[in-house]
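Colleague: Would you mind keeping the following structure in view while I ask a few things?
Derivation of every value follows stated rules applied to the coordinates shown; laboratory data play no part. Because the structure is predicted, anything quoted here is derived from the model rather than measured. Cβ placement follows ideal geometry from the backbone for every residue including glycine, while neighbour counts extend to all protein chains displayed.
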Amino acid sequence: MYDIIPDIHGQFEKLEHALTSLGYARRNGAWRHSDPRRICVFLGDFIDRGPRNEDVIALVRGMLDAGTALAVMGNHELNAIHFHTKHPETGAPLRPWSPKNLRQHQSFLDEFPPESTATRDAIGWMRSLPLYLKLDGLHAVHAFWDEGRIARLDGETSLGVLSEEKLIRAADPVDPLNDMVETITKGPEVALPNGHSFADKDGNIRTEVRVKWWNGQGQSWADIAMSVPEPDDLPKGELPADVSAMVYPETAKPVFFGHYWLTGRPVLQAPNALCLDYSAGKDGPLMSYTMDGENPLTLDKIKHQGD
């Protein structure tokens, strides 16, 4: 049985409450369930935003070391790796220390200054995280399960874990690894056909759309496009074959993911797809789902932190 927990973002108290509500307790140096069949699956984004990054990392690392949890890398871990890794030739950080990037990473930097021993250790641990997990009865990923990209990554990785050299390559926009790693951890955007665009909620003209990749029944641009105020602005007709190919099949294993900062009442994205990120990094609850092999998924298995 898997207890699946999404983006924590330094919110240590929410994590403790969630684990306690699921029946876990700290014993013999790590959080464990009284039922040895129960383990956690963490969906990444352990850091940034919240005030207790160090405590979250220590708790999760302790569970992984004890065999009471599994975890995948989120985009915030990927960003941190690149932020704290220098290009071997230029010596410049792989992720620029721009005002925007510094602001997004500040709560981590408050606890883990650049170049400190603790920071190097934490970044080394993040490098050990896989990009995805293929488990009995389920898939786990931070933002996007795409069979094509994951099949290619199977040939580039050891069980989803990138070597340091390949993590460096993944920061290069012209390297094919960049598309694979960035899209799986941050979600897909797809270019509209030539001549098509739409105005977003701020009036900006866009030629790419974020994709509801979990919509296995999606047949048109309006079916799969996210955050388009006027769906009539989208192209009509069936989706191009390459876009249809990234839609998660209804016959595939259930897939769990985070990343999307949802709000409101939990919903299933599809009978076999569930996003559990409901903005715990800010003022939302930390959700969890206890998976015991059921397919289709059910909202009855979702638990809120604090329930």
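Colleague: Once you treat every alpha carbon in the stretch 189-245 as an equal point and sum by Debye, what is log10 I(q)/I(0) at q = 0.20, 0.25, 0.26 Å⁻¹?
Modeller: So the normalised log intensities are -0.66, -1.04, -1.12.
Colleague: Let me ask you something else. Which one of Ile5, Gly29, Gly44 has its Cα pushed farthest toward the positive end of the charge dipole of the stretch 1-45, where Lys and Arg give +1 and Asp and Glu give -1 at the Cβ?
Modeller: Gly29
Colleague: Given +1 on the Cβ of Lys and Arg, -1 on the Cβ of Asp and Glu, and no further charges, what dipole in debye does the stretch 1-86 carry about its Cα centre, rounded to the nearest 20? Display every interim value, and only then the final one.
Modeller: On the way: 10 positive and 11 negative charges, 47 e Å.
Here the stretch 1-86 has a charge dipole of around 220 debye.
Colleague: What does the highest-first list of 10-19, 188-197 look like by mean Cβ count within 10 Å?
Modeller: Values: 10-19: 21.8, 188-197: 13.0.
The densest-packed peptide leads the list: 10-19, 188-197.
Colleague: Once you put a point 7 Å from the Cα of Ser116 and another 7 Å from the Cα of Glu147, both along the Cβ direction, what distance in nm separates them?
Modeller: 4.6 nm
Colleague: With only alpha-carbon atoms in the gyration tensor, what are the semi-axes of the equivalent ellipsoid for the stretch 138-221, in Å, largest first? If you can, show how the numbers build up before the last one.
Modeller: Values: eigenvalues 153, 56, 23 Å².
Ellipsoid half-lengths, sorted descending, are 28, 17, 11 Å.
Colleague: Based on the alpha carbon coordinates of the stretch 1-155, what radius of gyration and maximum Cα-Cα distance (Dmax) apply, in Å?
Modeller: 16.2, 51
Colleague: So what's the gap between the Cα centers of the stretch 17-50 and the stretch 255-282, to the nearest angstrom?
Modeller: Using only Cα atoms to place each centre, the spacing works out to 19 Å.
Colleague: Would you mind getting me the FRET efficiency between Ala66 and Asp154? Use the beta-carbon distance for r and R0 = 25 Å, nearest 0.05. It would help to have the intermediate numbers written out before the result.
Modeller: Values: r = 27 Å, r/R0 = 1.09.
The calculated FRET efficiency here is 0.35.
Colleague: Based on Cβ point charges of +1 for Lys and Arg and -1 for Asp and Glu, what charge dipole magnitude is obtained for the stretch 20-146 about its Cα centre, in debye rounded to the nearest 20? Please report the intermediate quantities before stating the final value.
Modeller: Working: 15 positive and 14 negative charges, 45 e Å.
With only Lys, Arg, Asp and Glu charged at Cβ, the dipole is about 220 debye.
Colleague: Which helices pass in the chain if a helix is a full DSSP H run, must span at least 30 angstrom along its long axis by Cα, and must have mean Kyte-Doolittle hydropathy not below 1.6?
Modeller: Helices passing the filter in the chain: none found.
Colleague: Something else: Let a ≥ b ≥ c be the square roots of the eigenvalues of the Cα gyration tensor of the stretch 190-307; is it rounded (a/c under 1.5), or, if not, prolate (a/b larger than b/c) or oblate?
Modeller: On the way: a/c = 3.17, a/b = 1.54, b/c = 2.06.
Oblate is the answer for the stretch 190-307, as a/c is 1.5 or above yet b/c matches or exceeds a/b.
Colleague: Turning to a different aspect of this structure: Run down the lysines and flag those whose C-alpha is under 19 Å from the C-alpha of Lys282, throwing out any fewer than 8 positions away in its chain.
Modeller: Here the lysines satisfying the reach criterion relative to Lys282 are Lys14, Lys100, Lys186, Lys303.
Colleague: Please work out how much length the chain gains when fully extended from Thr263 to Gln217, using 0.36 nm per residue of separation minus the C-alpha to C-alpha distance, in nm with one decimal. Could the numbers behind the result be given before it?
Modeller: Numbers: separation 46, 0.36 × 46 = 16.56 nm, distance 2.35 nm.
Gain on extension, Thr263 to Gln217, equals 14.2 nm.
Colleague: At q = 0.07, 0.11, 0.14 Å⁻¹, what base-10 log of I(q)/I(0) does the Debye formula yield for the chain when every alpha carbon is treated as an equal point scatterer in vacuo?
Modeller: Log10 of I(q)/I(0), two decimals: -0.27, -0.69, -1.12.
Colleague: Continuing with the same structure: Where a Cα-Cα gap under 17 Å defines reach, which lysines qualify for Lys134, not counting those fewer than 8 residues away within the same chain?
Modeller: Straight-line reach from Lys134, under 17 Å: Lys253.
Colleague: Of Val211, Met291, His139, whose Cα points farthest to the positive end of the dipole of the chain (charges on the beta-carbon: +1 Lys, Arg; -1 Asp, Glu; origin at the Cα centre)?
Modeller: Working it through, the farthest residue towards the positive pole turns out to be Met291.
Colleague: By average Cβ neighbour count within 10 Å, what is the ranking of 40-47, 164-171, 150-157 from highest down?
Modeller: Top of the packing list down: 40-47, 164-171, 150-157.
Colleague: Would you mind calculating the gained length between His196 and Glu294 on full extension (0.36 nm times residue separation, minus the Cα-Cα distance), in nm to one decimal? Can you show the working numbers first?
Modeller: Working: separation 98, 0.36 × 98 = 35.28 nm, distance 4.11 nm.
Answer, rounded to one decimal: 31.2 nm.
Colleague: Around Asp179, what is the net charge, scoring Lys/Arg as +1 and Asp/Glu as -1 over all other residues with Cβ under 14 Å from its Cβ? Please list the in-between numbers first.
Modeller: On the way: positive: Arg149, Arg152, Lys166, Arg169, Lys186; negative: Asp146, Glu156, Asp172, Asp175, Glu182, Glu189, Glu208, Asp242.
Around Asp179, the charge tally is -3.
Colleague: Can you give the charge dipole size of the stretch 189-245 about its Cα centre, rounded to the nearest 20 debye, using +1 on the beta carbon of Lys and Arg and -1 on the beta carbon of Asp and Glu? Present the calculation step by step, with values, prior to reporting the outcome.
Modeller: Working: 5 positive and 10 negative charges, 18 e Å.
Dipole magnitude for the stretch 189-245 comes out near 80 debye.
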